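Participant: Encoded as structure tokens, here's the structure I'll be asking about.
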Amino acid sequence: MLSSKNLWVKARSKKSKKSRVTHSKRPNSAAKKQKLEFKRQATGVAPPPHSLTEEEEFEQTEEGKFSLKNSAQSHSHGVQPLGNLYFSSSPTNSRNTGLGNLQILTDELLLEILAFLSGTQLGVLSTVSKSFYVFCNQEPLWRNLVLDTYQNGFLYKGTWKNTFVSSYKSSFKIVSSGVRVRDFYSDYLFQSWLCANLEMKPEWIERDNIVRRRGISVDEFILSFEEPNKPVLLEGCLEKWPAMEKWDREYLVEVCGDEQFLVGPVQMKLGDYFRYSDQVKEERPLYLFDPKFAEKVPQLGMDYGVPEYFSEDLFSVLGSERPDYRWIIIGPAGSGSSFHIDPNSTSAWNAVVRGSKKWVLFPPDVVPPGVHPSPDGAEVACPVSIIEWFMNFYSATKSWEKRTIECVCKAGEVIFVPNGWWHLVINLEDSVAITQNFASGRNLLNVLDFLKRPNASSLVSGTRDRVNLHDKFRNAIDAALPGTIDDLKVKAEEKEKQAKKVSFWETVTDSKLFILQMYRARARARVMMTDRA
């Protein structure tokens, strides 16, 4: 298990080589200028005539053009992609000269080492050289310090370093640190800045091939989607929710008051979280994802209801001992969840109250590109940010035989995520949503099988008693719904037998095979007639 302090640097070191941005060849500068899409005025800094700016280093591709957000500014310390070194009048990378003998270390390893230092130690080390200044001022280092030190909340001050310093001693005068270092080249550090400032490309959003339904019956939902384990987007389910009218920012802040919610590894007041989300410009914005919101603020639980399609909730037989199952989700544009499978082999529904979300789903038998689950499924290594996955892997899915299921789920819509499906979600704008995981008669056997795996202690989530959850759940089902599990097993066995029954005609895959089988049948008949004679 990774500690939160080392999560950022270790996550990057696990990703495959394909997820890196490399620039090994000298680009054609004339072509770059013709293809330039970025708005240069967003940087506010005129580039020197001998080099390319960060924005110019990323050019038009076959899939389209990259664009920076309107609010994007140049890298605060002047870090450039390594490819820019080929256009520099200076043959020296100041990254190396400022590190001395430590220049042999990769950027990832160096940051991992620096993650063990305190804020004071980072401050002192940053005065050693310009190179150490750049590394010691990397925002993820200061973000980890804030999250480790101030787990009961913080007031965000525009940057993580400023936040840490002001929280450490409020009397300190915050001075904007924006020293730009010339001739500093690093793909690794630059990519973090790029992912934080890149707009979602239109082709990443426009593919929408999920089945949409409005006003279908519960039986139709079960027969067409839950039973065959297929995603569907349901419209018109939330029209009676009070939350659809009430849940604007002002209402939520007022009704939640001083109550704190889970944001990553820390607890924050909702007003403080909105202050953070309004200012932050980073690769992986913190996500408010709280499983106890209805207990903390009962009014929030009264403002919504479970859609009728998901009313069967078998984990409810456990009462207060059930695993976490419902969450309020709040986040700014760019926040979201990287590829994962929902916990405990449950299915889920996700209802958008405000904003919109881009979904990408893969069926259970297809592991998304760039995602590397461990053999036991306990850990998943993937690109450090959602934008990074889109940059490096999304285009590859277009040619796959088993296509992704994709959609943009907007306010008032609900998506059904079947058990076992890989999915990624990114907020396209400030968003508020409710999600719940559930076990029904259609996936109960899968859930029970999951809970009794040998490594259940590392796989089962949302409960303190991971090892005994299977026995508790099964016993509670047997007590509340006698015979249910046995009946489901009988149906599953009958279904499996039906699947194994294959007729002669189903074995004939083409005309040549058909002719060959007919020839063999006639030959056998002639032999039998000869034997009888």
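The values are calculated or read from the model by the stated rules, or taken from the named source; none is laboratory data. As the structure is a computational prediction, the values presented were derived from the model and not from experiment. In this analysis, Cβ positions are derived from the backbone assuming ideal geometry, glycine residues included, and neighbour counts consider all displayed protein chains. Side chains are part of the model used for accessible areas, which takes the heavy atoms of the whole protein and leaves out ligands, DNA and RNA. Shrake-Rupley method; radii C 1.70, N 1.55, O 1.52, S 1.80 Å.
Participant: Ordering Trp247, Trp327 from largest to smallest accessible area (1.4 angstrom probe), what's the sequence? Walk me through the intermediate numbers first.
Facilitator: Details: Trp247 0, Trp327 30 Å².
So the residues, ranked largest to smallest area, are Trp327, Trp247.
Participant: Per-residue accessible area for Arg213 at 1.4 Å probe radius, Å² rounded to 10?
Facilitator: Here the residue's solvent-accessible area equals roughly 90 Å².
Participant: Taking amide H positions as placed in the peptide plane 1.01 Å from N, state which residues far from Phe66 in sequence (5 or more) or on other chains have amide H under 5 Å from it.
Facilitator: Under 5 Å from the amide H of Phe66 lie the amide H atoms of Thr61, each far enough along the sequence or on another chain.
Participant: Arrange the peptides 257-263, 380-386, 440-446 so that the one whose residues have, on average, the most other Cβ atoms within 10 Å appears first. Provide the component values of the computation, followed by the final result.
Facilitator: On the way: 257-263: 16.3, 380-386: 22.7, 440-446: 18.9.
Most protected by this proxy first, the peptides run 380-386, 440-446, 257-263.
Participant: Residues with amide H under 5 Å of Glu413's amide H, sequence separation 5 or more or different chain, H placed in the peptide plane at 1.01 Å from N; which?
Facilitator: Under 5 Å from the amide H of Glu413: Val352.
Participant: Keeping all protein chains in place, calculate the accessible area per residue for the stretch 186-268 (probe 1.4 angstrom), answer in Å². Show your work: numbers first, answer last.
Facilitator: On the way: 3930 Å² over 83 residues.
Solvent-accessible surface per residue comes out at 47 Å².
Participant: Could you give each residue of the stretch 122-135 its phi-based ³J(HN,Hα) in whole Hz, using Karplus coefficients 6.51, -1.76, 1.60 with θ = phi - 60°, and x for Gly or Pro?
Facilitator: Each residue of the stretch 122-135 in turn: 5, x, 5, 5, 5, 8, 6, 7, 5, 5, 5, 4, 5, 5 Hz.
Participant: Restricting to DSSP loop positions (anything but H, G, I, E, B) with no more than 15 other Cβ atoms inside 10 Å of their own Cβ, which GluC sites (Glu not before Pro) remain in the stretch 333-411? Walk me through the numbers on the way to the answer.
Facilitator: On the way: sites: Glu379, Glu388, Glu401, Glu406; in loops: Glu379, Glu401.
Passing both the DSSP loop test and the Cβ count: Glu379, Glu401.
Participant: What list of ³J(HN,Hα) couplings, whole Hz, do you get for the stretch 312-323 from phi and the Karplus terms 6.51, -1.76, 1.60, once you set θ to phi - 60° and write x for glycine and proline?
Facilitator: 6, 9, 5, 5, 5, 5, 7, x, 6, 8, 5, x
Participant: Sticking with this one: Where in the stretch 400-502 are there chymotrypsin sites (Phe, Trp or Tyr not before Pro) that are in a DSSP coil and have at most 12 other Cβ atoms within 10 angstrom of their Cβ?
Facilitator: Numbers: sites: Trp400, Phe416, Trp421, Trp422, Phe438, Phe450, Phe473; in loops: Trp400, Trp421.
Answer in residue order: Trp400.
Participant: For the stretch 369-497, with all protein chains present and a 1.4 Å probe, just round the carbon and sulfur fraction of the accessible area to a whole percent.
Facilitator: Taking all protein chains in place, the stretch 369-497 shows 49 percent carbon and sulfur surface.
Participant: Short version: ³J(HN,Hα) in whole Hz for each residue of the stretch 483-492, in order, from phi by Karplus 6.51 cos²θ - 1.76 cosθ + 1.60 (θ = phi - 60°), x for Gly and Pro, what are they?
Facilitator: For the stretch 483-492, the Karplus curve yields x, 4, 5, 4, 4, 5, 5, 4, 4, 5 Hz.
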